[in-house]
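J.: Next up is a structure, given as structure tokens.
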Amino acid sequence: MKTEKVKEILLGRIDKFTDAEKEWVLKKNNHWYNRYLFEYVDQNYSDSMWNSFWLHSSFGQHYLCNQSLAKKFLSSEKKMNHVMDMMEDRKHWYSSETQSMKDLQAEGKLTQGIVAFIISTMRKNNLHIFEGYVNDPIFDTGSIVQFRSNIAVDAILKEHNWGSSKNYYGADRSTLRQLKGKTMMVLGESPTLGGKVYATSYAYKEKQGGSRYYRVLPVGDTKVYVVVEKFLKKCRTKAVKDAKK
């Protein structure tokens, strides 16, 4: 894309922000590329600089995707609260930005533009969880599933108790081998875990899902497991009919 076109798109997207949105963004605008682009006033930036703005700023290549996610997030108060609860439940030691969104929501100032901007600045772990819960679940309660062949080490959670605190890590390899070929029933989404989750969060893929957690029960077993959506697939074998008997 030619520099003039890139410049036109980037500045046009900023111009769509209301004065209130611009004021909020300027207070939170700590990203280097965002700061220089947002405060642009006929600066003589080079072609490579404009290309960097396109690649790395909040108004460039991921802008439309982030706007779409923001629109889904704001589609209902129930969805918003659920997404934020899950982000808080699974955050590490850094901010998930949910408090900023809750404060703006309470003040009636949470807009699609601001949410899209927040999404663009999220850390990878937070973004994976946000996308996983903003998008609709792949599996309903009662679905019969199996693990995909590319099951990863953190596809199953395992709880570890240290005194009064709970921590969650990926299950050991023996558990993965044990469950990999099993037919399982989805009991529903996992509720909030109430502990630190150190297992890897996975990016959302439209046909596979993402980092949403489900509770599943292997057929013929009594132990319930918490598993990652991305590594599950619907089971279409004879075992489905057997499981539903």
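J.: Go through the range 122-179 and tell me which strands (runs of 3 or more DSSP E), entirely inside it, have 3 or more residues that are touching a Phe, Trp or Tyr at 6+ places or on another chain (Cβ under 9 Å) and in contact (Cβ under 8 Å) with a residue 24 or more places away in the chain.
T.: 165-170
J.: Let me ask something else about it. Go through (1) under 27 Å from Ile129 (Cβ atoms); (2) outside any loop (DSSP other than H, G, I, E, B); (3) modelled with pLDDT under 95 for Asn51 and report which single condition fails.
T.: Of (1) under 27 Å from Ile129 (Cβ atoms); (2) outside any loop (DSSP other than H, G, I, E, B); (3) modelled with pLDDT under 95, only one is false for Asn51: (1).
J.: Taking the condition of being buried (at least 20 other Cβ atoms within 10 Å of the Cβ) and at pLDDT 90 or above, how many residues in the range 81-97 meet it?
T.: 4
J.: Suppose the filter is surrounded by 13 or more Cβ atoms within 10 Å (Cβ to Cβ), farther than 21 Å from Leu127 by Cβ and assigned by TED's automatic domain parsing to the domain that holds Val115; does Trp50 pass it?
T.: Judged against the criteria, Trp50 is a match.
J.: So, in the range 89-119, of the ones that are of a type outside the set (Val, Ile, Thr) and within 12 Å of the chain's Cα centre (by Cα), which residue ends up farthest from Thr18 (Cα to Cα)?
T.: So the residue we want is Arg90.
J.: Within the range 11-48, track down each residue that is modelled with pLDDT under 85 and either over 30 Å from Gly108 (Cβ atoms) or polar (S, T, N, Q) (or both).
T.: Asn29, Asn30, Trp32, Tyr36, Val41, Asp42, Gln43, Asn44
J.: What single numbered condition from (1) at pLDDT below 90; (2) within 22 Å of the chain's Cα centre (by Cα) fails to hold for Lys241?
T.: So the condition that Lys241 fails would be (2).
J.: Restricting to the range 186-211, name every residue that is under 26 Å from Ser164 (Cα atoms), in contact with a Phe, Trp or Tyr (Cβ under 9 Å, 6 or more places away or on another chain) and among the β-branched types (Val, Ile, Thr).
T.: The answer is Val197, and nothing else.
J.: Kindly establish whether Gly60 is in contact (Cβ under 8 Å) with a residue 24 or more places away in the chain and out of contact with any Lys or Arg (no Cβ under 8 Å at 6 or more places or on another chain).
T.: yes
J.: Residues of the range 1-18 being charged (D, E, K, R) and free of Cβ contacts under 8 Å to residues at least 24 places away in the same chain, which ones?
T.: Going through the range 1-18, the residues charged (D, E, K, R) turn out to be 2, 4-5, 7-8, 13, 15-16.
Across the range 1-18, the qualifying residues are Lys2, Glu4, Lys5, Glu8, Asp15.
The values are calculated or read from the model by the stated rules, or taken from the named source; none is laboratory data. Note that this is a predicted model, so its numbers are computed, not measured. Using ideal geometry, Cβ is built from the backbone for each residue, glycine included, and neighbour counts are taken over all protein chains shown.
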